[in-house]
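The values are calculated or read from the model by the stated rules, or taken from the named source; none is laboratory data. Not measured: the values here are computed from a predicted model. Cβ placement follows ideal geometry from the backbone for every residue including glycine, while neighbour counts extend to all protein chains displayed. Surface accessibility is based on the protein's heavy atoms, side chains included, excluding ligands, DNA and RNA. Shrake-Rupley method; radii C 1.70, N 1.55, O 1.52, S 1.80 Å.
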Amino acid sequence: MKKMKLTKYIITLMTALLVMGMTSNSVLATKFPVEYDNHKKVKKGGTLRVGYVHDGVFKGVFADVLSVDGPTTDVAQFGNYSLFKPNNDYTYSKDGLAQVSFNNAEKTATVKIKKNAGWSDGHPLEAKDIEYTYKVVANSATNSGSYNAQLRKVVGIEDYHAGKTDKISGLEVKDLKTMVIHFTDMEPEMKFPNAGFIVSSLLPYHYLKDVPFDKLASSDKVQKDPLFYGPFKIKNMVRGQSISWVPNEYYGGKRPNVSKINIEMVSSGQAAAAMRANKYDILLNESGGTYKKVRKLQQYAVLGVKEKYYSYVGFKVGHANKEGLSVMDRKTPVQDRVLRQAMGYALNMDQLSKKFDAGLYYRANTVVPDAFGKYNDHKAKGYTLDLKKANKLLDKAGYKLQKNGYRTLPNGKKFSLKLLSEGGNSSDERAMIQNYLEQWKKIGVKVELKDGRLQEFNSYIEQLVNDGKGFDVWLSNWAVPMPPTTSVAGNYMPSDPYNFAHFVTKENTELIESLSSKKAFNDKYQLKQFYKWQEYMNKEAYIVPRQFRYSTYVFSKKLTNISLKPKESYNLWENIAFTK
């Protein structure tokens, strides 16, 4: 959304690169290079100037498990590192700030933190921080979107969430640097970082323990003076606009080559001009419109990868009850599958993808990005433009076309749908949104923008995350980590806070649960079930996939040691350097 990252899966350069593992070479092979080296000697020091393209501000909640906006996650990536570094097959490696070992017989995972890993105030990174982070996520007062079905596998975490106890019994602090996590049962996806079972981004217990959970996200210790255990820490910040980062002397890895990183927000309308004027050494989150304008600038190298991302049209058919469970009870025309399918077939994503954003986007065939390789059901067609089929579906279901060009419901009543969407970072995005409205008009479905306008980014997120009212349809996107079975499908469980459609069906739940069953330790069975789930999602159309995309990153040719490969990208910000 997210990236926009809404969230838990909101796009950062680092996470977007880290999730490249476990795909075939043919999928990783793109029209862009993935490395850059100018073959000159490294020069220590220097200030790295980074522009982040966004027509708005970052909210500044510097706690990954509490953050709800992508820009904050993106600008914090220099200090907010994952504990775990992946192997090239994206299983846990031994080279990160912590190591993980599993004991399936005892249903445990043991996490050992590196001895020299520390917070930016000098306090060591400890097992207590792991325990505290689990508590923050699971405490009902924080309303964390990371409290999901995977975390519920930790023994005792549901009792803690319900307020029955002040401890999570399944978390065993063995010593200062070692945590043993006890699970109710083991699942196939546990071997992957970011699968949701083991927290990978920690909060400092010693620093935050006295802050009430319901005040944590709004506290100065999280928003104004946060601590980090990555290679950089904040020196100065203009809230919502820019941050200056300097090396964290207590980081558990090697000292960064550059002495400072300045990152600031730059509007989509100004980004290309800023790059032509050599204002930035790196440009992040660029749109296709910006890419078209900067790709031929001789002083920059453009790298790119297929991104684990999908955009979609969502249909809101329910609400979340007091326990956070989705209930599919909303009185809305989009409860009708035929209407949802027809609106999917009215979309002209192939044509739009060619027209806008310099070919960086392409039509999605399912909600599983094809960057995941074999996990995407390549035989699935998805929703191609077919106005004839859309109209036939509506005619057969009794949606009668009136003289004004719009249809009535099968019961004869007039209807219109409200669409929630953010303002968009470019004129291309806004033109595409207008196109959707016009395409739906072609099949007689009246869709209007909520409040008659596109929403400001932060307001849009608040409405979506907090189950806002007054809309039937919304536009959004997800950036998803490994593994796709939990990071994509898991979003659509009844208990998941990111099931914004609030659709709940027995078949959907059973299919998703089968992906993590004992049978799913057999890869062939799991893949077969995952294809069935993708087929089911396309048929039911509560979520209609729109586009996949390439991510491009612009680097000055004065820089070296740049790689977007899975394992190397983990240490990007400490390796990157200016040259003599």
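Laid out as a table, the results:
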item: Of all residues making up the stretch 74-96, the number that are open to solvent by less than 10 Å² (accessible area, probe 1.4 Å) and either in a strand (DSSP E or B) or closer than 20 Å to GLU172 by Cβ (or both); result: 3
item: Yes/no for GLU249 being open to solvent by 10 Å² or more (accessible area, probe 1.4 Å), assigned to a strand (DSSP E or B) and modelled with pLDDT of 95 or more; result: no
item: Among residues of the stretch 371-390, those that are out of contact with any Ser or Thr (no Cβ under 9 Å at 6 or more places or on another chain) and closer than 21 Å to LEU475 by Cβ, counted; result: 6
item: Any chance ASP467 is open to solvent by less than 60 Å² (accessible area, probe 1.4 Å) and out of contact with any Lys or Arg (no Cβ under 6 Å at 6 or more places or on another chain); result: yes
item: Single condition MET179 does not satisfy, out of (1) surrounded by 18 or more Cβ atoms within 10 Å (Cβ to Cβ); (2) under 27 Å from VAL50 (Cβ atoms); (3) at pLDDT 95 or above; result: (2)
item: Pairs with Cβ under 7 Å, 6+ apart, first in the stretch 119-143 and closer than 22 Å to VAL154 by Cα and open to solvent by 10 Å² or more (accessible area, probe 1.4 Å), second among the β-branched types (Val, Ile, Thr) and not in a strand (DSSP E or B); result: LYS135/ILE168; THR142/VAL136
item: Cβ pairs under 7 Å, 6+ apart, first in the stretch 383-411 and polar (S, T, N, Q), second assigned to a helix (DSSP H, G or I); result: THR384/ASP350
item: Neighbours by Cβ (under 6 Å, 6+ apart or cross-chain): first from the stretch 69-87, within 15 Å of LEU97 (Cα to Cα); second of a type in the set (Lys, Arg) and not in a helix (DSSP H, G or I); result: GLY79/LYS233
item: Within the stretch 472-570, helices (runs of 4 or more DSSP H) holding 3 or more residues that are within 30 Å of MET275 (Cα to Cα); result: 566-569
item: Among the residues listed as GLY424, GLY490, the single one being surrounded by fewer than 22 Cβ atoms within 10 Å (Cβ to Cβ), at pLDDT below 95 and not acidic (Asp, Glu); result: GLY424
item: Residues that are of a type in the set (Phe, Trp, Tyr) and open to solvent by 30 Å² or more (accessible area, probe 1.4 Å), drawn from the stretch 196-234; result: TYR205, TYR207, PHE213
item: Residue ID - most open to solvent (accessible area, probe 1.4 Å), chosen from residues in the stretch 355-391 that are farther than 19 Å from LEU437 by Cα and among the charged types (D, E, K, R); result: LYS379
item: Selection from the stretch 147-163 of residues that are over 19 Å from THR108 (Cα atoms) and of a type in the set (A, V, I, L, M, F, W, C); result: ALA162
